[in-house]
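The values are calculated or read from the model by the stated rules, or taken from the named source; none is laboratory data. Predicted model only: the values in this text are computed from it and were never measured. Here the Cβ positions follow ideal geometry from the backbone for every residue, glycine too, while neighbour counts run over all protein chains shown.
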Amino acid sequence: MKVEIFTHKNCTECNLLLEYLDQKSLLGRVQVIDTELYPFLAIERGVISTPSIFIDGKLIYAGTVDFEEFTKILNGEKVSRKIDKAELINKLMYGIVDSFAATAWIYVNRDFDSFMAQKDFIIAVTGLALSDNAEEKYTYLRNIMIKEGERYLQQWEDKMIRNISSNFIREIYWLYRTKISIENIKSKYPLEVFAHWLMIRGASVGRVGVKIYPLSDLTIMQRIMKVYKYMLDNYDNLWDKIEKEQKKLEDNNIERKLIL
């Protein structure tokens, strides 16, 4: 059994997973692939969120991993999930919100026809990769989301706005490594710059996945303004949370390197 885990050093879930596998003496059974070092390989494999776990070439987990279930798989046990159709929409939306790339792209573009074509990702985040009748349930879910996706986006909008805002602040942290004032944020990243960042940040590398809207598109800009305003209004709280999260990750990465 070939097990590949696509990770990123600044991904909290990735670090928790690697720590867990190390504690269980299972790390030697998997191949860890750093998406920061091998971005094009990740794109080729359809990685949208980390950690993404492939078993014998099949995407099984994307973003969220059931550690105990994964342990059973690594130990050679057969794992099967029973998933009711009624659960699928919430599982999908949770999977989208768990992935910044997916959230940013679908929040701006509102195009479930294109998004649902990411079949492997959809099947993984909904748990269908370990379920019977995966094809039938995927088709059922795809049809619903193409017809009614906007309604569900509205229901999950607050979570999507928080996700996008947090990731913007996270990248500000990576750039400056020290808190800059809200006045500097407004000066360096006015709405137009933030809009550009959001449009190109979701699921894009080079020109692949990039869809730029004119700033004169009022519908798009009103939607982006919601996120921008939320980010500014909650800047201090977001920064404190991100700083704490990232410093913990940095300490863990240093500790892991010392052990290795």
- Note on the structure: Only one of (1) of a type outside the set (Phe, Trp, Tyr); (2) over 17 Å from the mean Cα position of the chain (by Cα); (3) at negative phi does not apply to Gln118, and that is (2)
- Task: Output the residue which, of all residues in the range 165-199 that are surrounded by 15 or more Cβ atoms within 10 Å (Cβ to Cβ) and of a type in the set (Val, Ile, Thr), is farthest from Val227 (Cα to Cα).
- Result: Ile180
- Message: Taking the conditions exactly as written (within 27 Å of Lys244 (Cβ to Cβ) and in contact with a strand residue (DSSP E or B) (Cβ under 7 Å, 6 or more places away or on another chain)), does Ile55 satisfy them or not?
- Response: no
- All positions within the range 208-242 that are free of Cβ contacts under 8 Å to residues at least 60 places away in the same chain, under 23 Å from Ile48 (Cβ atoms) and within 20 Å of the chain's Cα centre (by Cα): Val210
- Note on the structure: By residue number, the members of the range 86-98 that are within 16 Å of Met116 (Cβ to Cβ) and touching a strand residue (DSSP E or B) at 6+ places or on another chain (Cβ under 9 Å) are Gly95
- Note on the structure: All-but-one check, Asp98 against (1) within 30 Å of Ile224 (Cβ to Cβ); (2) more than 17 Å from the chain's Cα centre (by Cα), failing number (2)
- Message: I'd like to check which helices (runs of 4 or more DSSP H) are fully inside the range 145-260 and have at least 3 residues that are more than 26 Å from Tyr94 (Cβ to Cβ) and modelled with pLDDT under 95.
- Response: 235-259
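So that you can scan it fast, the table gives a plain yes or no per residue for (1) within 26 Å of Ser166 (Cβ to Cβ); (2) in contact with a strand residue (DSSP E or B) (Cβ under 9 Å, 6 or more places away or on another chain); (3) of a type outside the set (Gly, Ala, Ser); (4) touching a residue at least 12 places away in the same chain (Cβ under 8 Å):
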site	(1), (2), (3), (4)
Thr71	no, no, yes, yes
Asp84	no, no, yes, no
Phe100	yes, no, yes, yes
Ile106	yes, no, yes, yes
Asn109	yes, no, yes, yes
Asp132	no, yes, yes, yes
Glu136	no, no, yes, no
